[in-house]
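The values are calculated or read from the model by the stated rules, or taken from the named source; none is laboratory data. Only a predicted model underlies this, so the values are computations on that prediction, with no experimental measurement involved. With ideal geometry, Cβ positions are generated from the backbone for all residues, glycine too; neighbour counts draw on all protein chains shown.
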Amino acid sequence: MGPSCGHKLLAMFDGIPLVRRSALIAKASTAHSVIVVVGHRQDDIRGALTDLPVRIIGNPNYRAGMSSSLAAGFAAAVADRADGVLILLADMPGVSTDNLNRLIDAFQIARGAAIVCAVSQRIRGNPVILPRSLSGSVLRLRGDIGARNLIETSGLQVIEVEIGVAAQTDVDTAEAIVAAGGISVGD
């Protein structure tokens, strides 16, 4: 966001840092566990998560791009024998616990054999649930990319769950934070 704008995950939404708010939303869902992958300014992010019952995984390779964080979280979840991994980007303030539960329900109905993707007016976004069977493919991802290409080329059924604009709304700038109802916090 720029050197004078602070860390977007520490922006205040509903009186708490966005990363904590996202973790609370995930924790309130029917997900079996919540894993938070931290990288840039991880001490500050860990501080915002103090006392929450979440597992925090440090990603020493975070500079290699988003795929390294995705792989770190996915590997930890698969090691915990998860059937699937719900990928929730912490910079999406519109995502609710109900949204997550609807995605989880769709994944369970598909018996873990499909990819579940949040959509807004038929446009795919986030969060997504990837089945355990894609573990090898996720761990081979490189660079600052997510799983979009993997979703399109996996050959698995993709179940789309409409969650509205929350599927497309992230906050990557100070202006986006304010537009989404947050307060940017400087360093």
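When the residues of the range 50-77 are filtered to those that are hydrophobic (A, V, I, L, M, F, W, C) and surrounded by fewer than 20 Cβ atoms within 10 Å (Cβ to Cβ), the one that is nearest to the chain's Cα centre (by Cα) is MET66.
Can ALA48 be described as aliphatic (A, V, I, L, M), within 16 Å of SER184 (Cβ to Cβ) and modelled with pLDDT of 90 or more? Considered against the rule, which asks whether it is aliphatic (A, V, I, L, M), within 16 Å of SER184 (Cβ to Cβ) and modelled with pLDDT of 90 or more, ALA48 comes out as yes.
GLN108 meets the conditions (1) farther than 14 Å from VAL158 by Cβ; (2) under 13 Å from the mean Cα position of the chain (by Cα) in every case but one. The failed one is (2).
Of all residues in the range 123-159, those satisfying the criterion of being loosely packed, with under 15 Cβ neighbours inside 10 Å, of a type in the set (D, E, K, R) and under 17 Å from the mean Cα position of the chain (by Cα) are ASP144, ARG148. Looking at ALA23, ALA77, ALA90, just one residue is closer than 23 Å to GLU162 by Cα, aliphatic (A, V, I, L, M) and modelled with pLDDT under 95, and that residue is ALA90.
Taking first residues from the range 89-103 that are over 20 Å from VAL178 (Cβ atoms) and partners that are surrounded by fewer than 18 Cβ atoms within 10 Å (Cβ to Cβ), the Cβ contacts under 8 Å between residues at least 6 apart in sequence or on separate chains come to THR97/ALA28; LEU100/THR30; ASN101/THR30.
Do the conditions hold for SER120, that is, is it surrounded by fewer than 20 Cβ atoms within 10 Å (Cβ to Cβ), within 30 Å of SER184 (Cβ to Cβ) and touching a residue at least 24 places away in the same chain (Cβ under 8 Å)? So SER120 passes the test. In the range 78-96, the residue that is surrounded by the fewest Cβ atoms within 10 Å (Cβ to Cβ) out of those that are touching a Gly at 6+ places or on another chain (Cβ under 9 Å) and of a type in the set (Val, Ile, Thr) is ILE87.
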